[in-house]
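Worksheet: the structure to be examined is printed underneath.
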Amino acid sequence: MFGKILLAYDGSETAKNALEQAMELKLMLPDSILEIVHVAQLQNVIVGDAFITSSAVIQDELHDAAEAVLDEARRRISHLGLATTTLLEGGTPAQMILDYVNDHLFDLIIVGSRGLGTFKELLLGSVSYEIVQHATIPVLVVK
Ligand code: ATP
Ligand code: MG
Ligand code: MG
């Protein structure tokens with residue numbers, strides 16, 4: 001059960017809580033594989049009503065920022081050596097994560113309920129909402 005676990009990580013406080021839960025689960029399931037995934041959204045950046053394909057310079061900056069998010073996640077787990085980290089670059093986070101989960105046959109997705117967004121009225125952010133809505137495997141949502 002839960003042989004392959006994917007943690008979706010955006011560096012937010014809630015995602016850090018999700019990472020803690022993922023590590024506890026991994027300790028309970030030593031044979032399972034835990035992979036931490038962060039999505040850098042490089043294409044179709046939305047500014048106002050316009051879709052903009054960002055310049056190479058902006059793409060480089062987004063790439064570096066995304067690597068920093070994963071570095072930070074790695075530092076949190078390094079003492080345990082419990083997980084691998086993967087950077088996905090391209091489209092919208094939820095779709096990228098759902099495609100990755102299907103392609104790589106994960107058994108469980110762990111997400112934070114909210115992320116870096118500032119609007120906190122709703123229980124779920126748009127990424128966690130889309131993942132819960134469309135995933136075909138169990139999703140653990142951590143508050
Ligand atoms: P919104 O983005 O809709 O304004 P939000 O930022 O508060 O709202 P989400 O983005 O849905 O909420 O974040 C919920 C969870 O989804 C995060 O805790 C994290 O687990 C995951 N997540 C969000 N963005 C990414 C990303 N770029 N890469 C990987 N996981 C992500
Ligand atoms: Mg967000
Ligand atoms: Mg968002």
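Applying the selection to the stretch 96-123, what residues are surrounded by fewer than 18 Cβ atoms within 10 Å (Cβ to Cβ) and within 13 Å of ligand 3 (Cβ to nearest atom)? Result: Leu116, Gly117, Thr118, Phe119, Lys120, Leu122. For the stretch 47-64, the candidate set comprises residues that are surrounded by 12 or more Cβ atoms within 10 Å (Cβ to Cβ) and among the hydrophobic types (A, V, I, L, M, F, W, C); within that set, the residue that is modelled with the highest pLDDT is Leu62. Can you find a residue that is farther than 22 Å from Glu13 by Cα and free of Cβ contacts under 8 Å to residues at least 40 places away in the same chain anywhere in the stretch 102-115? Within the stretch 102-115, one or more residues are farther than 22 Å from Glu13 by Cα and free of Cβ contacts under 8 Å to residues at least 40 places away in the same chain. Restricting attention to the stretch 108-126, does a residue exist that is among the hydroxyl-bearing types (Ser, Thr, Tyr), more than 23 Å from Glu24 (Cα to Cα) and in a loop (DSSP other than H, G, I, E, B)? Yes: one or more hits. Put simply, of Ile77, Ile109 the only residue that is within 13 Å of ligand 1 (Cβ to nearest atom) and touching a strand residue (DSSP E or B) at 6+ places or on another chain (Cβ under 8 Å) is Ile109. Restricting Glu67, Glu130 to those that are within 9 Å of ligand 1 (Cβ to nearest atom), at pLDDT 95 or above and on the phi < 0 side of the Ramachandran plot reduces the list to Glu130.
As a summary of the residue check, Thr86 satisfies the conditions (1) outside any helix (DSSP H, G or I); (2) away from ligand 1 (no atom under 13 Å from the Cβ) except for the one numbered (2).
Evaluated against (1) more than 13 Å from the chain's Cα centre (by Cα); (2) under 16 Å from Val141 (Cβ atoms); (3) within 12 Å of ligand 1 (Cβ to nearest atom), Gly125 falls short on exactly one condition, (1).
The values are calculated or read from the model by the stated rules, or taken from the named source; none is laboratory data. Here the structure is a predicted model, which is why all the values come from computation and not from measurement. Counting neighbours? That spans all protein chains shown, and the Cβs are built from the backbone with ideal geometry, glycine included.
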